[in-house]
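Colleague: Just passing along the structure, written as structure tokens.
The values are calculated or read from the model by the stated rules, or taken from the named source; none is laboratory data. In this text the structure is predicted, and so the values were computed from the model without any measurement. Note: ideal-geometry Cβ built from the backbone for every residue, glycine included; neighbour counts use all protein chains shown.
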Amino acid sequence: MAKVIMTVDDSTSIRQMVSFTLNQVGYDVVEAVDGRDAVDKLAGTHIDMLLTDLNMPNKNGLELIEWIRSMPKFKFIPIIMLTTESETEMKQKGKAAGATGWIVKPFKPEQLLAVVKKVLR
Amino acid sequence: MDESGRFIEEFCLEAEELLSGVEDAVLDIEENPGDQEAVNRLFRAMHTIKGSGAMFGFDAVSEFTHHVETVLDNVRNGTVPVSKTLIDLILMSRDRITAMLAEANGGGPPLDSQEGEEIVASLKALLYSDDTEPPVEKSSKEAPEENFVPVTPAPENEVVYRIRLSPDLDIFSTGMDPVMLLYDLADMGECCVVAQTEKVPDLENLSPESCYFSWDIILPTTKSVNAIRDVFIFVEDDCEIVIETVEEKGIASQEVSAPRLGDILVERGDIERKILDEEFDTHKKIGERLVESGALSKEKLKSALTEQTIVSKMHKSSVASTVRVPSDRLDKLINLVGELVITQARLTQVASTREDTELGESVEEIERLTGELRDSVLNIRMMPIGTIFNKFRRLVRDMSSQLNKEIELVTQGAETELDKTVLERLDDPLVHLIRNSLDHGVEPPEVREQRGKSQKGTIVLSAGHKGTNVVITIQDDGAGLNVEAIRQKAVEGGLISEHAELSDKKIFSQIFAPGFSTVRNVTSVSGRGVGMDVVKRTIDSLRGRIDIDSVPGEWTKVTLILPLTLAIINGLLVRIEDDFFVLPLMSVEECVEIKSKEVEMINGRNILNVRGDMVPYIRLRDRFHMGNRRPEREHVVITDVNNSRIGFVVDHVIGGHQTVIKPLGPAFKDIKNVSGATILGDGTVALILDTSVLLESA
């Protein structure tokens, strides 16, 4: 069975690119447009990994990460945050919230795949 | 590239939407400066355009938008107040961005960079609205952080690293499974991993959400140390990681001997030199002694031993030390072992009827040892197939220039080992098959080009183990087989009937019939029609199978399946009357039970209906003239011989049986249907049947 990755980003073009790239190598992708949409979609779905932007309306990335870590189902799944901030502060906040790793925007599809491979096989 | 075009389009649509939203939001703010939500929307719009723009190559747009985003961020947190200047600037920026996007997409007029710079300057001015001096200009873009780059330049030689990975107890809660790290390391070279389990507590104290393991990894790799560090980039803060160089291949001098275990342990800090020296007085192996005395844990010992093995391997030269042995001495040894195996089987059977546990234990031990001895001895005669692969390269090179074709030979699995005798007898058939590919298979460059193929043809010669067999394939990307031509020829030669409806594969296998050849002209290379059937006979005599498949115009593939050794057979033991026979298991598909009355005779031929499939059969009882007393139920062993299914009717199928083959004596060497004999556990002789010969004489 294919692994399922959820991608959360308020930018349609980024969600599309992520979906396309991950689909190409065999992952199933669930898209959500912001934190609240993600929470709604997670109610019924099983995911193996979360890829989330940090800056979003309606529950931003950090809040989403904290929320998902509080769910027993998702306590241990890998979570990668998409960040444009290169300051360590954001990465620290992310890790404190429970993120596993990060990718800095802008990124190329190969970089995305390399990071996914580090945390999910 | 289609995809990236699609994304660009999508981004432009998205940006358009966002920018019209910006217009609305700005006008909202103008009316109601306290509208925090609108400010947030504005900020996010710019943030998205900046981020996504950079993703899809709109660098100039991204850079410009960055300035607007910064200002809006400050408006968000109250540092910059909402003013008419701000509103105007944002609208101007919005227009500017729209124009930049249009220009980038080729639909808009080229822009005056001066204008852009002025807007940026004004935006910056907003940030420093007091008379305070603007701080010394940092680079307008924060130094873009590199995502870790998967490729780093590799050093020339292989280096052995010792890596110790100790994750924190609660590493799982970061979502990282340490196994991922091990996989990443395994991708970099043939590493050996030893888990250290000392910290695992008792079951009562064990928490399933905590990680108590640490790992020692020995990794020989050509990748750089930075590449190894990159593996741990996400867990640097959650793990203790030590990476040390153990050995550099290029540097080890000739005289350096294999590292000693004690030295390794001291070097790693697992043991003190003092304790090591103390232990040296007795004669037991140092590692064991250290464990016994409690100075060292078992896992640490295992880990150090692993390191020792790997580094020693690196030191050994590629030519392993060998001993020459005359072939006949080996043969004698193999015969003796064969006899031993047979006698041991009898011993086991006899012991099983006695109720003596002591005897039983010893006999079991002998069985195990005999099995090991048999495997070792048979292994002696195994040689890698690469030894004959190499001469084929020369053959291909010479012949392809002779034929004015461009052909490359690719080999895979050269390290696959085969019995020496089998290898020797395979030589001629393989040469013939490769010649076929060269001569008839791969087309001349002009023809290939016409057909849209690359001018250079490829023949792939591959070998591998599959179960207890060796599979060798010869595949060319040439013209493929002409089904019609083969069919015609087979009909002409009386091999198949004009009206027979046969699958392509069955038609292909007609090539192996004697006297068959579709080539009009006989060249010096091939076409005499004696090749393929000789090939088949050789493969049969090796108790193997040969298959040929093809897609006309694209490829032809010949597959050879051979048993690993000639001395042992995997067979199916059957009984007819009071006698036992063995059928080679390789060709057996299934066994069915039938009542004697059920058999149908259609058109005077013996045919059986197996789940709707018509399978002809041979009654071995009749063939061997063993009397007419048929049991009520008989068993049929359905085999695949030369791509046709055929059943052999026997009284009873007993089961799988692996045993040593004994050749029949010289007095029996002309017997047709039997290829050898074997001795069963109770001393009875079972004859091994040659299924293809049986089929032919049906």
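Colleague: Considering (1) of a type outside the set (A, V, I, L, M); (2) surrounded by 17 or more Cβ atoms within 10 Å (Cβ to Cβ); (3) assigned to a helix (DSSP H, G or I), say which one residue B:427 fails and leave the rest.
Modeller: (2)
Colleague: Same structure again: Against the conditions (1) surrounded by fewer than 14 Cβ atoms within 10 Å (Cβ to Cβ); (2) within 13 Å of residue B:166 (Cβ to Cβ); (3) within 13 Å of another protein chain (Cβ to nearest Cβ), where does residue B:209 fall short? Just the number, please.
Modeller: (2)
Colleague: Scan the range B:124-136 and tell me whether some residue there is at pLDDT 80 or above and either surrounded by 15 or more Cβ atoms within 10 Å (Cβ to Cβ) or within 14 Å of another protein chain (Cβ to nearest Cβ) (or both).
Modeller: Going through the range B:124-136, the residues at pLDDT 80 or above turn out to be B:124-125.
Still in the list and also either surrounded by 15 or more Cβ atoms within 10 Å (Cβ to Cβ) or within 14 Å of another protein chain (Cβ to nearest Cβ) (or both): B:124.
Looking through the range B:124-136, at least one residue is at pLDDT 80 or above and either surrounded by 15 or more Cβ atoms within 10 Å (Cβ to Cβ) or within 14 Å of another protein chain (Cβ to nearest Cβ) (or both).
Colleague: In the range B:70-83, how many are crowded, with 22+ Cβ neighbours inside 10 Å and either under 53 Å from the mean Cα position of the chain (by Cα) or not hydrophobic (A, V, I, L, M, F, W, C) (or both)?
Modeller: Of the residues in that region, 0 qualify.
Colleague: Given the criteria farther than 27 Å from residue B:537 by Cβ, touching a helix residue (DSSP H, G or I) at 6+ places or on another chain (Cβ under 7 Å) and at pLDDT 80 or above, does residue B:679 qualify?
Modeller: yes
Colleague: Return the residues of the range A:96-106 that are out of contact with any Gly (no Cβ under 8 Å at 6 or more places or on another chain) and facing chain B (nearest Cβ under 7 Å); say none if nothing qualifies.
Modeller: Going through the range A:96-106, the residues out of contact with any Gly (no Cβ under 8 Å at 6 or more places or on another chain) turn out to be A:96-97, A:101, A:103-104.
Across the range A:96-106, the qualifying residues are A:101, A:103, A:104.
Colleague: Another one. Would you please list the contacts, defined by Cβ atoms under 9 Å and residues six or more apart or on different chains, that run from a residue in the range B:347-372 that is within 18 Å of residue B:682 (Cα to Cα) to a residue that is exposed (fewer than 12 other Cβ atoms within 10 Å of the Cβ)?
Modeller: B:349/B:682; B:350/B:682; B:360/B:354
Colleague: For the range A:60-85, name all the residues that are buried (at least 17 other Cβ atoms within 10 Å of the Cβ) and either closer than 13 Å to residue A:95 by Cα or away from chain B (no Cβ under 13 Å) (or both).
Modeller: A:61, A:62, A:64, A:65, A:67, A:69, A:78, A:79, A:80, A:81, A:82, A:83
Colleague: Right, another one. What do you reckon, is residue B:675 touching an Asp or Glu at 6+ places or on another chain (Cβ under 9 Å), touching a residue at least 40 places away in the same chain (Cβ under 8 Å) and not in a strand (DSSP E or B)?
Modeller: Details: touching an Asp or Glu at 6+ places or on another chain (Cβ under 9 Å): yes; touching a residue at least 40 places away in the same chain (Cβ under 8 Å): yes; not in a strand (DSSP E or B): no.
Spelling it out, it is not the case that residue B:675 is touching an Asp or Glu at 6+ places or on another chain (Cβ under 9 Å), touching a residue at least 40 places away in the same chain (Cβ under 8 Å) and not in a strand (DSSP E or B).
Colleague: For residue A:92, state whether it is surrounded by fewer than 21 Cβ atoms within 10 Å (Cβ to Cβ), within 8 Å of chain B (Cβ to nearest Cβ) and in a helix (DSSP H, G or I).
Modeller: No.
Colleague: Under the condition of being assigned to a helix (DSSP H, G or I) and in contact with an Asp or Glu (Cβ under 8 Å, 6 or more places away or on another chain), which residue from the range B:464-503 is modelled with the lowest pLDDT?
Modeller: To start, the set of residues in the range B:464-503 that are assigned to a helix (DSSP H, G or I) comprises B:483-492.
Right, trim to in contact with an Asp or Glu (Cβ under 8 Å, 6 or more places away or on another chain) and you get B:483, B:491.
Details: B:483: 86, B:491: 82.
Per the stated criteria, the residue is B:491.
Colleague: Find all pairs meeting these conditions: Cβ atoms under 7 angstrom apart; at least six residues apart or on different chains; first residue within the range B:405-429 and small (Gly, Ala, Ser); second residue assigned to a strand (DSSP E or B).
Modeller: Going by the 7 Å Cβ cut-off, the qualifying pairs are B:413/B:462; B:413/B:463; B:413/B:464; B:414/B:384.
Colleague: Within the group B:57, B:51, which residue is part of a helix (DSSP H, G or I), within 14 Å of chain A (Cβ to nearest Cβ) and either modelled with pLDDT under 90 or in contact with a Gly (Cβ under 9 Å, 6 or more places away or on another chain) (or both)?
Modeller: None of the others qualify; the one that does is B:51.
Colleague: Within the range A:11-30, which residues are surrounded by fewer than 17 Cβ atoms within 10 Å (Cβ to Cβ) and under 14 Å from the mean Cα position of the chain (by Cα)?
Modeller: Of everything in the range A:11-30, just one residue is surrounded by fewer than 17 Cβ atoms within 10 Å (Cβ to Cβ) and under 14 Å from the mean Cα position of the chain (by Cα), namely A:28.
Colleague: Residue under question is residue B:73, and the condition is that it be free of Cβ contacts under 8 Å to residues at least 24 places away in the same chain and at negative phi; does it hold? Even if it seems obvious, please write down each step before you answer.
Modeller: Numbers: free of Cβ contacts under 8 Å to residues at least 24 places away in the same chain: no; at negative phi: yes.
It is false that residue B:73 is free of Cβ contacts under 8 Å to residues at least 24 places away in the same chain and at negative phi.
Colleague: Quick one: would you say residue B:359 is of a type in the set (A, V, I, L, M, F, W, C), more than 21 Å from residue B:678 (Cβ to Cβ) and outside the structural domain of residue B:417 (by TED's automatic domain parsing)?
Modeller: Yes; evaluated as a whole, the condition is true for this residue.
Colleague: Okay, moving on. Just the residues that are of a type outside the set (Lys, Arg), more than 9 Å from chain B (Cβ to nearest Cβ) and outside any strand (DSSP E or B), please, taken from the range A:5-19. It would help to see each step written out before you state the result.
Modeller: If we filter the range A:5-19 for residues that are of a type outside the set (Lys, Arg), which is where we start, we get A:5-14, A:16-19.
Pick out the ones that are also more than 9 Å from chain B (Cβ to nearest Cβ) and you get A:5-8, A:18-19.
Within the range A:5-19, A:18, A:19 qualify.
Colleague: Here's a follow-up. If I ask for residues that are of a type in the set (A, V, I, L, M, F, W, C) and either closer than 22 Å to residue B:614 by Cα or surrounded by 15 or more Cβ atoms within 10 Å (Cβ to Cβ) (or both), which ones from the range B:484-507 would you list?
Modeller: Going through the range B:484-507, the residues of a type in the set (A, V, I, L, M, F, W, C) turn out to be B:485-486, B:490-491, B:495-496, B:500, B:502, B:507.
Matches in the range B:484-507: B:486, B:490, B:491, B:495, B:496, B:500, B:502, B:507.
Colleague: Got at least one residue in the range B:4-20 being in contact (Cβ under 8 Å) with a residue 40 or more places away in the chain and away from every other protein chain (no Cβ under 14 Å)?
Modeller: No; the residues of the range B:4-20 include none that is in contact (Cβ under 8 Å) with a residue 40 or more places away in the chain and away from every other protein chain (no Cβ under 14 Å).
Colleague: Moving on. So which pairs qualify, if the first residue must be in the range B:583-610 and part of a strand (DSSP E or B), the second must be at pLDDT below 75, the Cβ gap must be under 6 Å, and the two must be at least 6 apart or on different chains?
Modeller: B:607/B:600
Colleague: Condition test on residue B:681, is it assigned to a loop (DSSP other than H, G, I, E, B), small (Gly, Ala, Ser) and under 14 Å from residue B:573 (Cα atoms)? If you could, list the steps in order and put the result at the bottom.
Modeller: Numbers: assigned to a loop (DSSP other than H, G, I, E, B): yes; small (Gly, Ala, Ser): yes; under 14 Å from residue B:573 (Cα atoms): yes.
Criteria met by residue B:681.
Colleague: Determine whether residue B:236 is loosely packed, with under 13 Cβ neighbours inside 10 Å, out of contact with any Asp or Glu (no Cβ under 7 Å at 6 or more places or on another chain), at pLDDT 90 or above and not in a strand (DSSP E or B).
Modeller: No; evaluated as a whole, the condition is false for this residue.
Colleague: May I ask you to list the residues in the range B:367-421 that are among the basic types (Lys, Arg) and either surrounded by fewer than 18 Cβ atoms within 10 Å (Cβ to Cβ) or at pLDDT below 85 (or both)?
Modeller: Of everything in the range B:367-421, those that are among the basic types (Lys, Arg) and either surrounded by fewer than 18 Cβ atoms within 10 Å (Cβ to Cβ) or at pLDDT below 85 (or both) turn out to be B:368, B:374, B:381, B:391, B:393, B:394, B:397, B:420.
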